[in-house]
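Encoded as structure tokens, the structure appears first; notes follow it.
The values are calculated or read from the model by the stated rules, or taken from the named source; none is laboratory data. Here the structure is a predicted model, which means the values were calculated and not measured. Glycine also receives a Cβ, built like all others from the backbone with ideal geometry; neighbour counts cover every protein chain displayed.
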Amino acid sequence: MKPFLALLAAVLVASCALLSPPEREPLKELLSKLPNAIPYAHSLAGSLTILRPEASPAYDTARMAYTERPYQLGYFRDHEWAEPPAQMIQNLLVETLEQTGFFRSVLTPPAIAPAGYTLRTEILELMQDYTTAPPLFRLALRVELLGPSGHSLASREIVMEEPMQAATPDAGVIAANNALARALQDAAELVLAHVR
């Protein structure tokens, strides 16, 4: 009798697993907004290589970060970035700096032009902050422009806080795109101001 009951229990558990709804795939969100007014200066000043942004493990992931308490970080279950933000930010930096008209070519590794300029970026913060009312999207990037000889020409920490229209992940994505577009504008202005 015990083996029969054990078999019946196993069959019932397996049946329940088959009837339970499948886990929902997280929604894939994009960082895709460019600045409204990209600075333009026709110069053809050689080449610019844009390195993939560096990020701490907290932000070097497709998981979408948020905070509800100081010094704590969480990740949304049903929303994530379509790619790691570093990849999307690199693509947007390339597109922004190509549109400045300032460089003969804008490259990404492994393509590196000899004797060209290099832009290094680090993601310091990239999260939805629910500790404030209204909630904010916080973005912090460190941007450094290196000259052809490899020495630093300029470095700046770009910090953006963008109010969110609602306390939802979707509102955070909109705020993230707005904050990033402003940061891209600042990065382009920094580069153009220090290339000779």
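One residue alone among Ala82, Ala86 is within 11 Å of the chain's Cα centre (by Cα), free of Cβ contacts under 8 Å to residues at least 60 places away in the same chain and closer than 16 Å to Leu34 by Cα, and that residue is Ala86. Pairing residues of the range 125-153 that are touching a residue at least 60 places away in the same chain (Cβ under 8 Å) with residues that are among the aromatic types (Phe, Trp, Tyr), at Cβ distances under 6 Å and at least 6 apart in sequence or on separate chains, gives Leu126/Tyr59; Met127/Tyr66; Gln128/Tyr66; Gln128/Phe137. For the range 175-193, the condition of being part of a strand (DSSP E or B), surrounded by fewer than 20 Cβ atoms within 10 Å (Cβ to Cβ), touching a helix residue (DSSP H, G or I) at 6+ places or on another chain (Cβ under 9 Å) and not hydrophobic (A, V, I, L, M, F, W, C) holds for none of the residues. In the range 135-150, which residue that is at pLDDT 95 or above and out of contact with any helix residue (DSSP H, G or I) (no Cβ under 6 Å at 6 or more places or on another chain) is farthest from Leu51 (Cα to Cα)? Going through the qualifying residues, I end up with Pro135.
Please go through the range 91-127 and give me each residue that is among the polar types (S, T, N, Q) and surrounded by 19 or more Cβ atoms within 10 Å (Cβ to Cβ), ordered by number. Within the range 91-127, Thr96, Thr100, Thr118, Thr121 meet the criteria.
In the range 101-112, the residues that are under 16 Å from Asn91 (Cα atoms) form Cβ pairs under 9 Å with partners that are charged (D, E, K, R), at six or more places apart or across chains, as follows: Ser105/Glu98; Val106/Glu95; Val106/Glu98; Thr108/Arg52; Pro109/Arg52.
Candidates in the range 123-168 are the residues that are out of contact with any Pro (no Cβ under 7 Å at 6 or more places or on another chain) and among the polar types (S, T, N, Q); of these, the one that is farthest from Asp60 (Cα to Cα) is Ser149.
Count of the range 30-74 residues, restricted to those that are of a type in the set (Gly, Ala, Ser), within 17 Å of Gln90 (Cα to Cα) and part of a strand (DSSP E or B), is 2.
Looking only at residues in the range 52-73 that are among the aliphatic types (A, V, I, L, M) and under 26 Å from Val106 (Cα atoms), the one that is surrounded by the most Cβ atoms within 10 Å (Cβ to Cβ) is Ala55.
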